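Peer 1: Quick one: this structure, given as structure tokens, is what I'll be asking you about.
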Number of protein chains: 2
Amino acid sequence: MFFNLICLSINKFVKYKIKFKMNAFEKLITASEKNKTLLCVGLDTDIDKIPSQFKGSLNGILDFNKAIIDATSDLVNSYKLNFAFYEQYGIEGMEILKKTIEHIPNHILKIADAKRGDIGNTSRSYAKAAFEAFACDAITVSPYMGEDSIKPFLEYKDKLTFVLCLTSNEGSNDFQRLSSNGKSLYISVMEKTMKWGSKEQVGYVVGATHPNDLKELREIAPENPFLIPGIGAQGGDLEATLKANNNAPAMINASRAVIYASSGLDFAEKARQKAIEYQMSM
Amino acid sequence: MFFNLICLSINKFVKYKIKFKMNAFEKLITASEKNKTLLCVGLDTDIDKIPSQFKGSLNGILDFNKAIIDATSDLVNSYKLNFAFYEQYGIEGMEILKKTIEHIPNHILKIADAKRGDIGNTSRSYAKAAFEAFACDAITVSPYMGEDSIKPFLEYKDKLTFVLCLTSNEGSNDFQRLSSNGKSLYISVMEKTMKWGSKEQVGYVVGATHPNDLKELREIAPENPFLIPGIGAQGGDLEATLKANNNAPAMINASRAVIYASSGLDFAEKARQKAIEYQMSM
């Protein structure tokens, strides 16, 4: 009896330690397997677009987010929080962001979609903001300022840093495709930044709107996690994206298509249905 | 008598309108002339580096910032607020940021050094955050995501948007100097983004650590305002910078060299002395 109790305690302790020690990359793999999906829901919540019952005050955004999380957290591997949508409301918006993050179950990856990047000592503060103050597991960063702007994020060994590579928007053609020594800038960004950290630390943002390029990038980085926005409202093709991704670790992001699936009282139910649709297609 | 009163009122009204209508670019020019300087002080305040009397609580950062502003606001044309230094403390840090901005006299330019940039609808929210929620006159943005990531900032016609061009850090060599069609990326960034807005709307971040390149960039954009970091702690040469800038509109930024000029009780006095030194050299 006493021996059984000890075994139970050790077992619990080990499970606790395993859970405690899981890094962001492992969390992504585990959540993808558990929920059988690569879906990442973007909580890019806009007060003008949420159902009318939430529009009375800014806190309606928090209530809406909580309802979406409750309706979808068994159907996603991650949530992506675009900081801009909260920063636009100043302090009150940041409070809603923080409470939204706290509402996400711990085994689901929380991505600070913040696209930060600055000189070394400043990036260190951004890393602290995303990983400590807002307790996220991952962040998106811009590569423009180079190595010392990204390294401080990688000092958090258990976190994931997604470098902007080939983004989903039309503006990606302006600079990302400029060719130097026969290589597009986004390819140079991937090749260089891959050397700055392991596949468990460095991921890439690659838009679903470029499936052929995604395939090429998967050949360069077959195992690094990709955060793939552009499905849904931006018009990316899910089937082509899945094929190009070749079963590698990924978060395929849909924001507006899921969270605004209905503007009626059934918004959460419809968001869940849309997430199930994506899950079935993945 | 009555006529005089009317004249006085019209005069006051016109002055009020002129003041009210001044855009960020005009504010920069006016403050530079009034205070006879191009100095921009960076309020990149780190609690570990401020005098011990301020270290008791986070609010000490606000008290320190206020003292620095009071000691230097007649010696600068702008203050640069690096958002990272405040975001790292979460909500409380953002409150300090907001109150710091509110303490800056209205005729001095307030720059949100945030290096933002995202797809169109998201950049719109970042613009709202910087220009409305935090009431800044200007922002720094990253060009990596191209035109639709920068345009939303330019929709605020009376604000200034500083595009990262050639940054002051070592990492600027990683991607910014990649050459495409015989042109470095940072040159392509300048040439392309110049077409997206007027000289009163689009400025550039060019590090003081590259005076020769600064000279070349001044030839391409002789009238756009430059935000020039890298003097002081980062080792940029003030004299060479001034020569390369060729009397064009600029904010030459020093952060650590001014705000941490002394860690003693005389910190404000020493910060003022350092600002006067810079003013004299400019």
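Computed from the coordinates by the stated procedures, all read-outs in this text should not be read as laboratory data. If you're wondering where the values come from, they're calculated on a predicted model, not measured in any experiment. We place every Cβ from the backbone using ideal geometry, glycine too, and count neighbours over all the protein chains shown.
Peer 1: Take every residue in peptide B:179-188, count the Cβ atoms of other chains within 10 Å of its Cβ, and give the average of those counts. Don't jump to the answer; show the numbers that get you there.
Peer 2: Values: counts 4, 9, 3, 0, 2, 1, 6, 1, 0, 4.
Mean inter-chain Cβ contacts per residue within 10 Å come to 3.
Peer 1: Still on this structure, please answer the following. With N set to the residue count of segment A:65-138, report its C-alpha Rg divided by 2.2 N^0.38 Å to two decimal places.
Peer 2: Details: Rg = 12.7 Å, N = 74, 2.2 N^0.38 = 11.3 Å.
For segment A:65-138, the normalised Cα radius of gyration comes out at 1.12.
Peer 1: Take A:Ser180, A:Ser172 and order them by how many other Cβ atoms sit within 10 Å, fewest up front. Walk me through the intermediate numbers first.
Peer 2: Working: A:Ser180 18, A:Ser172 26.
Exposure proxy ranking, most exposed first: A:Ser180, A:Ser172.
Peer 1: Based on other C-beta atoms within 10 Å, arrange A:Val41, A:Val163 from fewest to most. Walk me through the intermediate numbers first.
Peer 2: Numbers: A:Val41 28, A:Val163 25.
Ascending number of Cβ neighbours within 10 Å: A:Val163, A:Val41.
Peer 1: Filter A:Lys128/A:Lys159; A:Lys99/A:Lys128; A:Lys115/A:Lys243; A:Lys49/A:Lys270; A:Lys66/A:Lys115; A:Lys183/A:Lys243 down to the pairs with a C-alpha to C-alpha distance above 22 Å, please. Could the numbers behind the result be given before it?
Peer 2: Working: A:Lys128/A:Lys159 11 Å; A:Lys99/A:Lys128 18 Å; A:Lys115/A:Lys243 27 Å; A:Lys49/A:Lys270 15 Å; A:Lys66/A:Lys115 24 Å; A:Lys183/A:Lys243 24 Å.
In this structure, A:Lys115/A:Lys243; A:Lys66/A:Lys115; A:Lys183/A:Lys243 lie more than 22 Å apart at Cα.
Peer 1: Find how many whole Å separate the alpha carbon centroid of segment B:205-259 from the alpha carbon centroid of segment B:170-191.
Peer 2: Using only Cα atoms, the two centres lie 18 Å from each other.
Peer 1: Sticking with this one: Sorted from largest to smallest, which semi-axis lengths in Å does the alpha carbon gyration tensor of segment A:181-249 give for its equivalent ellipsoid, taking the root of 5 times each eigenvalue? Before the final figure, lay out the partial values.
Peer 2: Numbers: eigenvalues 82, 38, 22 Å².
So the equivalent ellipsoid measures 20, 14, 10 Å along its semi-axes.
Peer 1: Give the share of C-alpha pairs in each 10 angstrom bin for segment A:39-167, from 0 to the last occupied bin, in whole percents, shortest bins first.
Peer 2: 13, 43, 32, 11, 1
Peer 1: Still on this structure: Let's test the formula: R0 of 25 Å, r as the Cβ-Cβ distance of B:Ser198 and A:Asn173. What FRET efficiency results, to the nearest 0.05?
Peer 2: The value I calculate is 0.60.
Peer 1: Also: Could you work out the mean projected area of the convex hull around the alpha carbons of the protein assembly as shown, in square nanometres to one decimal? List each step's numbers first, then the result.
Peer 2: Working: hull surface 126.8 nm².
The directionally averaged projection comes out at 31.7 nm².
Peer 1: When you look at the Cβ of every residue in A:89-97, what mean number of other chain Cβ atoms sits within 10 Å? Intermediate results must be reported in sequence, preceding the final value.
Peer 2: Values: counts 5, 10, 8, 2, 5, 8, 3, 0, 2.
For peptide A:89-97, the averaged partner shielding equals 5.
Peer 1: While we're here: If Lys and Arg each add +1 and Asp and Glu each add -1, what is the summed charge of the other residues whose beta carbon sits under 11 Å from the beta carbon of B:Lys49?
Peer 2: On the way: positive: B:Lys55, B:Arg256; negative: B:Asp44, B:Asp46, B:Asp48.
Here the charged neighbours net out to -1.
Peer 1: Under 11 Å from a label point 7 Å along Cα→Cβ of B:Ser52: give me every residue in segment B:246-282 with its amide N that close.
Peer 2: The answer is B:264-265, whose backbone nitrogens lie closer than 11 Å to the label point.
Peer 1: What is the order of B:Ile220, A:Ile228, B:Ile150, fewest Cβ neighbours within 10 Å to most? Mind dumping the intermediate values first?
Peer 2: Numbers: B:Ile220 13, A:Ile228 29, B:Ile150 26.
The fewest-first ordering by Cβ neighbours comes to B:Ile220, B:Ile150, A:Ile228.
Peer 1: Continuing with the same structure: Convex hull volume of the Cα atoms in segment A:151-196, per residue, in Å³? Walk me through the numbers before you get to the answer.
Peer 2: On the way: hull volume 3.7 nm³, N = 46.
Once divided by residue count, the hull of segment A:151-196 is 80 Å³.
Peer 1: Rounded to the nearest Å, what's the spacing between the alpha carbon centres of segment A:19-66 and segment B:66-126? Just the number, please.
Peer 2: 29
Peer 1: Let me know the volume per residue of the alpha-carbon convex hull for segment A:128-282, in Å³.
Peer 2: On the way: hull volume 19.5 nm³, N = 155.
Taking the convex hull of the Cα positions in segment A:128-282, it is 126 Å³ per residue.
Peer 1: Starting from one equal scatterer on each C-alpha and no solvent at all, send me the Debye-based log10 I(q)/I(0) for segment A:123-209 at q = 0.15, 0.26 Å⁻¹, two decimals.
Peer 2: Taking Cα atoms of segment A:123-209 as identical point scatterers yields -0.55, -1.29.
Peer 1: While we're looking at this one, here's another question. Can you give the translational diffusion coefficient of chain A in µm²/s, computed by Stokes-Einstein from the Kirkwood radius over Cα pairs at 20 °C and 1.002 mPa s?
Peer 2: Details: Rh = 19.4 Å.
Translational D for this selection: 110 µm²/s.
Peer 1: Can you give the longest stretch of chain B with no exposed loop site, where a site means GluC sites (Glu not before Pro) in a DSSP loop (not H, G, I, E or B) with at most 15 other C-beta atoms within 10 Å?
Peer 2: Working: sites that count: B:Glu155, B:Glu223.
No qualifying site falls inside B:1-154, the longest such stretch.
Peer 1: What share of Cα pairs, in percent, lie more than 15 angstrom apart in segment B:170-217? Intermediate results must be reported in sequence, preceding the final value.
Peer 2: Numbers: 550 of 1128 pairs.
Counting pairs separated by more than 15 Å, the tail of P(r) holds 49 percent.
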